[in-house]
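The values are calculated or read from the model by the stated rules, or taken from the named source; none is laboratory data. The shown structure was predicted, so the numbers you read here are calculated from the model rather than taken from an experiment. Backbone-built Cβ (ideal geometry, glycine too); neighbour counts: all protein chains shown. With ligands, DNA and RNA removed, areas are computed over all heavy atoms of the protein, side chains included. Shrake-Rupley method; radii C 1.70, N 1.55, O 1.52, S 1.80 Å.
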Amino acid sequence: MVRRLEHIGIAVKDLKEANALYTQLLGVPPYKEEAVESEYVNTSFFQTGQSKIELLEATEAQSAIAKFIEKKGEGIHHVAFEVENIHAEMERLRDAGFQLLNAQPKKGADNKLVCFIHPKSANGVLVELCQTIQPEKKA
Ligand code: CO
């Protein structure tokens, strides 16, 4: 079962410029910047209440983000839902006929195990399932 909307991923051409813009828009700076080398992206995260905004910038032409921007321009790239047990959710959704883009969960940004669902399976929306690997301890 899905617990909540974890974040919305936005594809941007220039992370530095987008960080400045979203800092102004949201009134808070990103709490984290992280490179995900396996995906050829740099990311930043903004906390917005219970959910987050993830900005993604391509570092290489073969990055999915570069291809997305080439085809559609900047904009909303994916919607991410937090799940408690990503393996169980993947099995449930695979059995229900959803097309998963990876057979096993992979390591994503922000201490998450992630799996993507093909937009064809979700009304044109790229859906990310994510499970927190190392919950941040609250003081
Ligand atoms: Co994401």
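Details
- For Lys112, residues with placed amide H under 5 Å, excluding near neighbours: Ile133
- Restricting attention to the chain, close to 75% of DSSP beta bridges with both partner residues there are antiparallel.
- Overall form of the chain: oblate. Here a/c, set by the Cα gyration tensor axes a ≥ b ≥ c, is 1.5 or more, and a/b is not larger than b/c.
- Scalar couplings 3J(HN,Hα) for the range 32-42, obtained by applying the Karplus form with A = 6.51, B = -1.76, C = 1.60 to θ = phi - 60°, are 7, 10, 8, 8, 10, 5, 5, 9, 6, 9, 9 Hz; x denotes Gly and Pro.
- Theoretical gain in end-to-end length, Thr23 to Asn85 [0.36 nm per residue, Cα-Cα removed]: 19.1 nm
- Taking only protein heavy atoms and a 1.4 Å probe, the accessible area of the chain is 52% carbon and sulfur.
- Where GluC sites (Glu not before Pro) fall in DSSP loop in the range 24-91, at most 13 other Cβ within 10 Å: Glu60, Glu84
- Surface exposure of the range 11-91, expressed per residue as accessible area with a 1.4 Å probe, stands at 58 Å².
- Here the 3J(HN,Hα) profile of the range 55-60, calculated from phi with Karplus coefficients 6.51, -1.76 and 1.60 at θ = phi - 60°, is 9, 10, 10, 6, 10, 9 Hz, Gly and Pro shown as x.
- Entries in Lys16/Lys120; Lys13/Lys106; Lys32/Lys71 that, when Cα-Cα distance is taken, lie over 26 Å: Lys16/Lys120; Lys32/Lys71
- Residues with amide H under 5 Å from that of Leu126, placed H, sequence gap 5 or more: Val79
- A Gaussian network model of the chain, with springs between Cα atoms under 10 Å, assigns the largest mean-square fluctuation among Ala80, Ala66, Ala11 to Ala66.
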